[in-house]
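Undergrad: Below you'll find the structure I mean.
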Amino acid sequence: MDLASRLNNRIQLTTDGHRAYLSAVDEAWVGNVDYAMLVKLFGAEPAGEARYSPPKCTGIRKAISGNPDPAFISTSFVERQNLTMRMSMRRFTRLTNAHSKKLANHKHAVALHFMHYNFARINQTIRCSPAMEAGVTDHLWSVEKIAELADRY
């Protein structure tokens, strides 16, 4: 049984405007996803103004397939996840020398981070793990259980 069939609800996915996502989403989900592509439009900076912050967002365009809920079309969720990952794993901080020398080690570190984040820690907002909220599991996993799975793998 795959993850999509174990989740309680249909997946809603939002990406930015990178064209490669169009075919990647279609290949990965084969139409079984509510997909929105959010493209932010930015205005020109006023002449002579120093730019120390991003330009103002003047509007958005949404390309949609499936039936995504407009209230949840946002790239803020994944940007927050990227920040959490960068702050939690030294190898993703900027200007670091804590990188993996082998791709396999990098993949394992990322997998362990997401396994712990989704199954072993309580999210402050939802007051349970994300996996529990999604109905994938009914309990909080221990680090020992995750280590057992890693050993078995």
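Undergrad: Suppose we keep only residues that are aliphatic (A, V, I, L, M) and in a loop (DSSP other than H, G, I, E, B) within segment 111-135. Which one would you say is nearest to V78 (Cα to Cα)? I'd like the intermediate steps shown before the answer.
TA: Initially, segment 111-135 is screened for residues aliphatic (A, V, I, L, M), giving 111-112, 115, 120, 122, 126, 131-132, 134.
Pick out the ones that are also in a loop (DSSP other than H, G, I, E, B) and you get 122, 126.
Values: I122: 18, I126: 17 Å.
Only one residue fits best here, namely I126.
Undergrad: Also: Is there a residue in segment 72-92 that is at pLDDT below 85, more than 17 Å from the chain's Cα centre (by Cα) and surrounded by 12 or more Cβ atoms within 10 Å (Cβ to Cβ)?
TA: Yes, there is a match, as at least one residue in segment 72-92 is at pLDDT below 85, more than 17 Å from the chain's Cα centre (by Cα) and surrounded by 12 or more Cβ atoms within 10 Å (Cβ to Cβ).
Undergrad: Right, T58: hydroxyl-bearing (S, T, Y) and not assigned by TED's automatic domain parsing to the domain that holds F42 or not?
TA: no
Undergrad: Quick one: in segment 136-153, which of the residues that are at pLDDT 90 or above and in a loop (DSSP other than H, G, I, E, B) is surrounded by the fewest Cβ atoms within 10 Å (Cβ to Cβ)?
TA: D138
Undergrad: Please count how many residues of segment 104-125 are touching an Asp or Glu at 6+ places or on another chain (Cβ under 9 Å) and at pLDDT 90 or above. I'd like the intermediate steps shown before the answer.
TA: Going through segment 104-125, the residues touching an Asp or Glu at 6+ places or on another chain (Cβ under 9 Å) turn out to be 123.
Checking which are at pLDDT 90 or above leaves us with none.
Matching residues across segment 104-125 total 0.
The values are calculated or read from the model by the stated rules, or taken from the named source; none is laboratory data. The model shown is predicted, which means the values in this text are computed figures rather than measured ones. Because the Cβ atoms are built from the backbone with ideal geometry, glycine has one as well, and the counts that use them run over all protein chains shown.
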